[in-house]
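The structure appears below as structure tokens.
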Amino acid sequence: MTEINKEQRGFSVELVSKKHLARLSADGSVLVEGTLGELQHASFVEPEILEVKGTCGVVRLNLRFNEIKNPIGKIGGEKP
């Protein structure tokens, strides 16, 4: 596994079954696609870990809240 320094951000994807994995490709770049199922929660579970949990899996991102560029209520930079 690649070592991550404090300037880099890590992630993990955990699926309850490989049947929820739609595509995994590694042709120079890597693409992981699947379904998390219905959203159960999305929150910061630690000061620097954003967790998005669904009925079929979990995505965790090493991310600080202040690194999120769009304020709450704005999607894609559009005004609500």
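Laboratory data are not the source of any read-out in this text; all were calculated from the coordinates shown. If you're wondering where the values come from, they're calculated on a predicted model, not measured in any experiment. Here Cβ is always computed from backbone atoms with ideal geometry, including for glycine, and neighbour counts include all displayed protein chains.
Stokes-Einstein diffusion for segment 11-67, with the hydrodynamic radius set to the Kirkwood value over Cα pairs and evaluated at 25 °C in a medium of 0.890 mPa s, equals 202 µm²/s. When VAL13, VAL30 are arranged by Cβ crowding within 10 Å, least crowded first, meaning fewest neighbours, the order is VAL30, VAL13. Between LEU39 and THR55, the modelled labels are 1.6 nm apart [label points 7 Å from Cα along Cα→Cβ].
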